[in-house]
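Asker: Structure provided below as structure tokens; questions to follow.
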Amino acid sequence: MASIADPRETREPAATGAADLSGQKGPELCVVVPTFNERDNVDLLVGRLDRTLRGIAWEVVFVDDDSPDGTAEHIRALGERDPRIRCIRRIGRRGLSSACIEGMLATSAPFVAVIDGDLQHDETLLPRMHNALKEDAADVVIASRYVETGSPEGLSSDRRKRLSVYGARLARRLIEADVADSVSGFFMLRRALVDEVAPRLSGIGTKILIDILASAMRPLRIVELPYRFRARSRGASKLDAFTGVEYLLLLAEKLTHRYVSYRMLLFFVVGLSGIFLNLAVLRLALFAGADFTLGESIATAIAMVSNFFLNNMLTYRDCRLVGWQAVRGLASFMLLCGLGALTNVAVARDVFDLTGRWLLAGIAGAAIGALLNYALTSIFTWGRRP
Ligand SMILES: Nc1nc2c(ncn2[C@@H]2O[C@H](COP(=O)(O)OP(=O)(O)OP(=O)(O)O)[C@@H](O)[C@H]2O)c(=O)[nH]1
Ligand SMILES: [Mg+2]
């Protein structure tokens, strides 16, 4: 006689092959920490999180870009003893914002905070930030240096302070809400909001909060809680001269709703520098008595090499090729740009035949050639989407 199966049986571990986790709950709060060479700060930060987050089920996700000082190995060793400590180790990648995005997307906790790994942010603010979100008083809670008793005193120089203030002012035009410290690297939000904005994030540079706020398709309720930014006591700052340029490129990308990609913009700026270098070297070669074909060949080769290294350093600095990869990259770059040059000539010739206008033909050829160079090299040289 056939028996009717008890529906509860299908939930048995043996029937589904899955473990019965019905009594267990995941973390309530995930703290995401981007790190690069922060080995000496990790233990202190974890200890402080442990003290300050008593009573909250938390986890910490470090996102480390393969730090040479062994930060990732150190975190993994801690994680072997404490399952709340996790580490994502990224290889061949660099970038503070993109690291935060990957960390935020790697958790199932309903609340997500981002905090620096260098102890400059005041972690004791985390429970208040968490409460504000739990009480549904805000969509995003920002730890702010520019409201009430907050202070940026730990910034390393007056120049850094001025940059921070002007940077926040510049972003005000972009973000609909009135935010005093939109350049803060310390904030908390619901994971659902992260999931909502993730497909529109640029992930460029260091200002992930601006990226998130400018990517939201609806007005966000924002609460800012004051705190005093501390000075860095261990390890070194990772900011460099290009950080400001990246910030402007992020704003440009956000303002144009990503119709202008910052990579394409940089690629074309580098391309322009190549044209000037080409002309300068040609002039020198002719001056030194070389015949035109030889001079132009040398000038073109030098411009191509310069374009490759500038793009590798700037346009693709988050996935820079090094060692043999760079040698292979240079070879593929020169080959693909050769293809772009042939296309340039073919298009220009066709447009000239059709219209008889040399300037239009020249511009059309150069534009198509440059676009092709950009698309092909981003895919085949740097392994990215254009
Ligand atoms: N994963 C990852 N983390 C990074 C990168 N650059 C910086 N970080 C981390 O991001 C946090 C902030 O970096 P800092 O260099 O201190 O930048 P800052 O705090 O804005 O600037 P300072 O005031 O000069 O310290 C630190 O935890 C760094 O280790 C990166 O390229 N990748
Ligand atoms: Mg710092």
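Asker: What number of residues in region 54-75 are away from ligand 2 (no atom under 16 Å from the Cβ) and either more than 8 Å from CYS87 (Cβ to Cβ) or acidic (Asp, Glu) (or both)?
Answerer: Taking region 54-75 first, the residues away from ligand 2 (no atom under 16 Å from the Cβ) are 54-61, 66, 68, 70, 72-75.
When the remaining residues are screened for being either more than 8 Å from CYS87 (Cβ to Cβ) or acidic (Asp, Glu) (or both), the result is 54-60, 66, 68, 70, 73-74.
Of the residues in that region, 12 qualify.
Asker: Filter region 137-154 down to the residues that are out of contact with any Lys or Arg (no Cβ under 9 Å at 6 or more places or on another chain) and either basic (Lys, Arg) or not in a strand (DSSP E or B) (or both) and list them by number. Break it down into steps so the answer makes sense when it comes.
Answerer: Just the residues of region 137-154 that are out of contact with any Lys or Arg (no Cβ under 9 Å at 6 or more places or on another chain), to begin with: 142-144, 146-148.
Correct list: TYR146, VAL147, GLU148.
Asker: Restricting attention to region 214-254, and to residues there that are assigned to a helix (DSSP H, G or I) and hydroxyl-bearing (Ser, Thr, Tyr), which single residue is farthest from ligand 2 (Cβ to nearest atom)?
Answerer: By that ranking, first place goes to SER215.
Asker: Oh, and also: Just to check your reading of the model, which residue among LEU314, LEU321 is surrounded by 19 or more Cβ atoms within 10 Å (Cβ to Cβ), among the aliphatic types (A, V, I, L, M) and within 27 Å of VAL245 (Cβ to Cβ)?
Answerer: Working: LEU314 fails: surrounded by 19 or more Cβ atoms within 10 Å (Cβ to Cβ).
Step by step, each of LEU314, LEU321 is checked, and only LEU321 is surrounded by 19 or more Cβ atoms within 10 Å (Cβ to Cβ), among the aliphatic types (A, V, I, L, M) and within 27 Å of VAL245 (Cβ to Cβ).
Asker: So which residues in region 38-78 are farther than 21 Å from GLN120 by Cα and touching a Cys at 6+ places or on another chain (Cβ under 6 Å), if there are any at all?
Answerer: ARG76 - this is the single residue of region 38-78 that is farther than 21 Å from GLN120 by Cα and touching a Cys at 6+ places or on another chain (Cβ under 6 Å).
Asker: Looking only at residues that are within 16 Å of ligand 1 (Cβ to nearest atom) and of a type in the set (S, T, N, Q) in region 108-144, which one is surrounded by the most Cβ atoms within 10 Å (Cβ to Cβ)?
Answerer: SER144
Asker: Do we find that GLY167 is in the same structural domain as ILE222 (by TED's automatic domain parsing) and either assigned to a loop (DSSP other than H, G, I, E, B) or crowded, with 22+ Cβ neighbours inside 10 Å (or both) in this structure?
Answerer: no
Asker: Here's a follow-up. Could we say that SER151 is under 16 Å from SER97 (Cβ atoms), within 16 Å of ligand 1 (Cβ to nearest atom) and in contact (Cβ under 8 Å) with a residue 40 or more places away in the chain here?
Answerer: Details: under 16 Å from SER97 (Cβ atoms): no; within 16 Å of ligand 1 (Cβ to nearest atom): yes; in contact (Cβ under 8 Å) with a residue 40 or more places away in the chain: yes.
Answer is no for this residue.
Asker: Test ALA109 against the stated conditions and say whether it is hydrophobic (A, V, I, L, M, F, W, C), part of a loop (DSSP other than H, G, I, E, B) and modelled with pLDDT of 95 or more. Explain how you work it out, then say what you get.
Answerer: On the way: hydrophobic (A, V, I, L, M, F, W, C): yes; part of a loop (DSSP other than H, G, I, E, B): yes; modelled with pLDDT of 95 or more: yes.
It is true that ALA109 is hydrophobic (A, V, I, L, M, F, W, C), part of a loop (DSSP other than H, G, I, E, B) and modelled with pLDDT of 95 or more.
Asker: Which of (1) surrounded by fewer than 22 Cβ atoms within 10 Å (Cβ to Cβ); (2) within 16 Å of ligand 2 (Cβ to nearest atom) is the odd one out, the single condition GLY79 does not satisfy?
Answerer: Going through the list (1) surrounded by fewer than 22 Cβ atoms within 10 Å (Cβ to Cβ); (2) within 16 Å of ligand 2 (Cβ to nearest atom), GLY79 breaks only (2).
Asker: Just to be sure I understand, how many residues within region 52-72 are within 12 Å of ligand 1 (Cβ to nearest atom), of a type in the set (A, V, I, L, M) and assigned to a loop (DSSP other than H, G, I, E, B)? Spell out the reasoning first.
Answerer: The initial filter retains those residues of region 52-72 that are within 12 Å of ligand 1 (Cβ to nearest atom), namely 61-67, 69, 71-72.
Those still in the list that are of a type in the set (A, V, I, L, M) too: 61, 63, 72.
Okay, now just the ones that are also assigned to a loop (DSSP other than H, G, I, E, B), so none.
Residues in region 52-72 being within 12 Å of ligand 1 (Cβ to nearest atom), of a type in the set (A, V, I, L, M) and assigned to a loop (DSSP other than H, G, I, E, B): 0 in total.
Asker: Any idea which of ILE142, ILE75, ILE85 is within 21 Å of the chain's Cα centre (by Cα) and either more than 19 Å from ASP65 (Cβ to Cβ) or of a type in the set (Val, Ile, Thr) (or both)?
Answerer: Values: ILE75 fails: within 21 Å of the chain's Cα centre (by Cα); ILE85 fails: within 21 Å of the chain's Cα centre (by Cα).
Going through ILE142, ILE75, ILE85 in turn, just one is within 21 Å of the chain's Cα centre (by Cα) and either more than 19 Å from ASP65 (Cβ to Cβ) or of a type in the set (Val, Ile, Thr) (or both): ILE142.
Asker: Can you tell me which residue among ILE75, ILE91 is of a type outside the set (Lys, Arg), within 13 Å of ligand 1 (Cβ to nearest atom), in the same structural domain as LEU225 (by TED's automatic domain parsing) and at pLDDT 95 or above? Before you say what the answer is, go through the steps one by one.
Answerer: Numbers: ILE91 fails: at pLDDT 95 or above.
Answer to the selection: ILE75.
Asker: Within region 319-328, does at least one residue satisfy the condition of being away from ligand 1 (no atom under 16 Å from the Cβ), part of a helix (DSSP H, G or I) and under 24 Å from the mean Cα position of the chain (by Cα)?
Answerer: For region 319-328, residues away from ligand 1 (no atom under 16 Å from the Cβ), part of a helix (DSSP H, G or I) and under 24 Å from the mean Cα position of the chain (by Cα): present.
Asker: Let me ask something additional. Report yes if some residue within region 179-191 is more than 30 Å from TYR374 (Cα to Cα), among the polar types (S, T, N, Q) and more than 16 Å from ligand 2 (Cβ to nearest atom); otherwise report no. Break it down stepwise before answering.
Answerer: Residues of region 179-191 more than 30 Å from TYR374 (Cα to Cα): 179-191.
Next, only the ones that are among the polar types (S, T, N, Q) stay: 182, 184.
Going one step further and asking which of them are more than 16 Å from ligand 2 (Cβ to nearest atom), we end up with 182.
Yes, there is a match, as at least one residue in region 179-191 is more than 30 Å from TYR374 (Cα to Cα), among the polar types (S, T, N, Q) and more than 16 Å from ligand 2 (Cβ to nearest atom).
Asker: Which residue out of ALA361, ALA370 is touching a Gly at 6+ places or on another chain (Cβ under 8 Å), small (Gly, Ala, Ser) and more than 21 Å from SER202 (Cα to Cα)? I'd like the intermediate steps shown before the answer.
Answerer: Details: ALA361 fails: touching a Gly at 6+ places or on another chain (Cβ under 8 Å).
Just one listed residue meets the conditions, ALA370.
Asker: List the number of the failed condition for ALA299; all other conditions in (1) in the same structural domain as GLU38 (by TED's automatic domain parsing); (2) away from ligand 2 (no atom under 16 Å from the Cβ) hold.
Answerer: Result: ALA299 passes all but (1).
The values are calculated or read from the model by the stated rules, or taken from the named source; none is laboratory data. All figures in this text were calculated on a predicted structure; none of them were measured in a lab. Reconstructed Cβ throughout: ideal geometry from the backbone, glycine too, with neighbour counts over all protein chains shown.
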